[in-house]
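Below is one structure, written out as structure tokens, with a few remarks after it.
The values are calculated or read from the model by the stated rules, or taken from the named source; none is laboratory data. These figures come from a predicted structure and were not determined experimentally. Note that each Cβ is placed from the backbone with ideal geometry, even for glycine, and that neighbours are counted across all protein chains shown.
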Amino acid sequence: MGGHEAYVHAQANALAMQGHRLTVATAIKEVFSPWPKELGHSIQYITHETLHKFLDGQNTYERRSRRNKDCPLLLCDPDIVFTHGGVDPWIIKKLARVLPTIHFVHSPGDYCPSGTKYHPKKGQPCHIRPSAFQCLTQSVVGGCFFDGGGNQMGVRLMSSLLGQFQMKRRLVYPAVQAIVAQSHYVVDELKMIFEKTPHLNSKIFVLSPPLPLATLPYKPQWQESQGSNQLLFVGRLHSTKGVEDLIQALQFLPDGSKLTIVGDGPQRRFLERLAQELCAPQTVRFVGWVEQARLRKLYLTHTLLLLPSRWPEPFGLVGVEAMAHGLPVIAYDVGGISGWLEPSRGGYLVEPGNVQALARVIEQAFQNPDEMDRKSAEGQAYIKAHFCPEAYLKRLEKIIEQAMGNFHFDSRGFRLIGSAEQGSVL
């Protein structure tokens, strides 16, 4: 389950626990299931075909009032729509005409045509305002349009992505009633693309993702294994994730330091060869993707989580999950990470790409167990207060109220989610 799927799953759990009914429109039901048994009756699925049927061939009033046994979406009678991920911009625009709609921004693809906001040739984040000319020019210099294997895309595919981005900017953002960003970094990026339409800035809200209910609270057990310094990385094995820097940093760390790498991706074979060349045997362990239960155990039994992303992470959810388990985090200071990680609590921030500085901070953490204990406790308390489902829902309800207020009501009216009569969410 990727970051955006994990967000949707946690959001749906939190809403269902509050008594709301949810309808999930998805092409891949298995990604979002199974739900806890006590919540299963509150969540139903529909296909994208059903969603199209709801939107086709009916005027606004008929869409809201007609009862059609062949269209389950009409029977669930949603009060509000949440859109996530790569939904067709035309669908979002049509939905926003029918129902109050909130668009959740998860990836750089919402504010960058290449979907990365990163120049791999330069090894630096991109800071330009997206446009067809600027992006095509920068793609030659910085190589920012690359596929999952890290290879440069062709001009035809780049042009297609630029066209999709322009469609989203022109159809989605003006149509929806609210736009939710995960961090202030993402807000700044959205405001950059709204430079010529500044009135859209009033639609943007910051709402950090909720943590799954099962992750709070935990007591850290890593102190018991401090004799061997256990480092942990969790994520996709791609050049943007900076795993190469971690392996190089191991050369400067005390003997006995070990690194567990959870995840898979196009760089795995390269990273395995690099670990064999630079590190002693048994120092680096590649375990691939693991089940959530095993991942929680790894959080609890390691000394530090390392998050050396080179690209500007929109948020960096894996770091927040680690802190919730009492695991201190060392991360490159990129994107939205500094929004939840501060040197005064939870861990350490390092200059991006500086391998020797990364090694120094890791060694400093090893040599100061008391400071690690303090950061662990303070980080865990911060996450519990700001990322629990209750805090998330409180902020979400304010955004829903704003979205409902921005929507043009029809004569039938709507029920407000969070009122005495619980609402329904699509």
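A few remarks follow.
- Any hit, segment 346-356, residues being assigned to a helix (DSSP H, G or I), of a type outside the set (A, V, I, L, M, F, W, C) and touching a residue at least 40 places away in the same chain (Cβ under 8 Å): yes
- Among the residues making up segment 362-375, those that are surrounded by fewer than 20 Cβ atoms within 10 Å (Cβ to Cβ) and touching a strand residue (DSSP E or B) at 6+ places or on another chain (Cβ under 9 Å) are Gln364, Phe366, Arg374.
- Unmet criterion (only one of (1) over 25 Å from Glu244 (Cα atoms); (2) at pLDDT 90 or above; (3) of a type in the set (Val, Ile, Thr)) for Ile362: (1)
- Applying the criterion of being part of a helix (DSSP H, G or I) and surrounded by 14 or more Cβ atoms within 10 Å (Cβ to Cβ) to the residues of segment 138-158, the residue that is modelled with the lowest pLDDT is Gly142.
- Pairs, first over 17 Å from Ser183 (Cβ atoms) and modelled with pLDDT under 90 in segment 374-394, second of a type in the set (A, V, I, L, M) and surrounded by fewer than 19 Cβ atoms within 10 Å (Cβ to Cβ), C-beta under 7 Å, six or more apart: Lys384/Leu216; Ala385/Ala391; Cys388/Leu216; Pro389/Met17; Pro389/Leu213
- Complete set of residues in segment 6-24 that are in contact with a Cys (Cβ under 8 Å, 6 or more places away or on another chain) and crowded, with 20+ Cβ neighbours inside 10 Å: Thr23
- The number of residues in segment 301-334 being touching a residue at least 60 places away in the same chain (Cβ under 8 Å) and in contact with a Lys or Arg (Cβ under 8 Å, 6 or more places away or on another chain) comes to 10.
- Condition check for Phe252: more than 18 Å from Leu358 (Cβ to Cβ) and over 25 Å from the mean Cα position of the chain (by Cα): no
- Within segment 111-137, the set of residues being surrounded by fewer than 19 Cβ atoms within 10 Å (Cβ to Cβ) and within 13 Å of Val155 (Cα to Cα) comprises Ala132, Phe133, Leu136, Thr137.
- A single entry from Leu39, Leu74, Leu55 fulfils the requirement of being assigned by TED's automatic domain parsing to the domain that holds Ile399, farther than 30 Å from Leu317 by Cα, modelled with pLDDT under 65 and among the aliphatic types (A, V, I, L, M): Leu74.
- Within this structure, Leu307 fails the test of being crowded, with 18+ Cβ neighbours inside 10 Å, farther than 20 Å from Ser208 by Cβ and assigned by TED's automatic domain parsing to the domain that holds Ser239.
- Condition met for Tyr299 (closer than 27 Å to Cys388 by Cα and not in a helix (DSSP H, G or I)): no
- Of residues in segment 159-191 being farther than 20 Å from Ile102 by Cα and either aliphatic (A, V, I, L, M) or modelled with pLDDT of 85 or more (or both), the one surrounded by the fewest Cβ atoms within 10 Å (Cβ to Cβ): Leu161
- Residue check, Val105 buried (at least 16 other Cβ atoms within 10 Å of the Cβ), over 17 Å from Ile193 (Cα atoms) and either at pLDDT 80 or above or not aromatic (Phe, Trp, Tyr) (or both): no
- Complete set of residues in segment 252-264 that are surrounded by 18 or more Cβ atoms within 10 Å (Cβ to Cβ) and not hydroxyl-bearing (Ser, Thr, Tyr): Leu253, Lys258, Leu259, Ile261, Val262, Gly263
- Per-region count, segment 242-266, residues out of contact with any strand residue (DSSP E or B) (no Cβ under 7 Å at 6 or more places or on another chain) and either within 19 Å of Glu313 (Cα to Cα) or not in a helix (DSSP H, G or I) (or both): 8
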